[in-house]
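Trainee: Let me give you the structure first, and then I'll get to my questions.
The values are calculated or read from the model by the stated rules, or taken from the named source; none is laboratory data. Fair warning: this is a prediction, and the values are worked out from it, not measured in the lab. Virtual Cβ from ideal backbone geometry, glycine too; neighbours counted across all protein chains shown. When the accessible area is computed, the model is the full protein with side chains, heavy atoms only, and any ligands, DNA or RNA have been set aside. Shrake-Rupley method; radii C 1.70, N 1.55, O 1.52, S 1.80 Å.
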Amino acid sequence: LEAFPELPMTVTVNTTLEIRTNPTKDSTLTGPKLPKGGTASVVEYYPSASDVWGRLSSGGWIPLLAHQKGLPRYPTSWIMETQPPLPSYTP
């Protein structure tokens, strides 16, 4: 069993990310976005099924590990060697 990396930690954004008010894909957007190549400080984790969210020191939540079409996606430099169980996926 692999522990999540220690917090706080600075992550670099691989693709422009929307910041959300809660750690869910359908929660309200905060307004600003994190641009590709930008950095942010993650201060809290929120594992949700097979996804992992990070709360930013500046407020709001971003996905650290998100699954799309059944495949894992890391939108920041945050990564884990051990993958959580894959979500069920129906095309």
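Trainee: Can you confirm whether segment 63-80 contains a residue that is free of Cβ contacts under 8 Å to residues at least 12 places away in the same chain and touching a strand residue (DSSP E or B) at 6+ places or on another chain (Cβ under 7 Å)?
Mentor: yes
Trainee: Do you know which residues across segment 59-80 are assigned to a strand (DSSP E or B) and surrounded by 13 or more Cβ atoms within 10 Å (Cβ to Cβ)?
Mentor: Correct list: 61, 62, 63, 64, 65, 66, 67, 72, 73, 76.
Trainee: A further question on this structure: Looking at 63, 72, can you tell me which residue is out of contact with any helix residue (DSSP H, G or I) (no Cβ under 6 Å at 6 or more places or on another chain) and modelled with pLDDT under 95?
Mentor: Unique residue meeting the criteria: 72.
Trainee: Now a separate question. Could you say which residue among 88, 77, 57, 27 is of a type in the set (Ser, Thr, Tyr) and modelled with pLDDT under 90?
Mentor: Criteria check complete, one pass: 88.
Trainee: Tell me, which residue of segment 28-47 that is surrounded by fewer than 14 Cβ atoms within 10 Å (Cβ to Cβ) and either touching a helix residue (DSSP H, G or I) at 6+ places or on another chain (Cβ under 8 Å) or hydroxyl-bearing (Ser, Thr, Tyr) (or both) is farthest from residue 4 (Cα to Cα)?
Mentor: 28
Trainee: Give segment 1-27 a look and list any residue that's over 17 Å from residue 79 (Cβ atoms), open to solvent by 60 Å² or more (accessible area, probe 1.4 Å) and not in a loop (DSSP other than H, G, I, E, B), or say none.
Mentor: Scanning segment 1-27 gives a single hit, 18.
Trainee: Here is a check on your reading of the model: is residue 50 in contact with a strand residue (DSSP E or B) (Cβ under 9 Å, 6 or more places away or on another chain) and open to solvent by 60 Å² or more (accessible area, probe 1.4 Å)?
Mentor: No: the conditions fail for residue 50.
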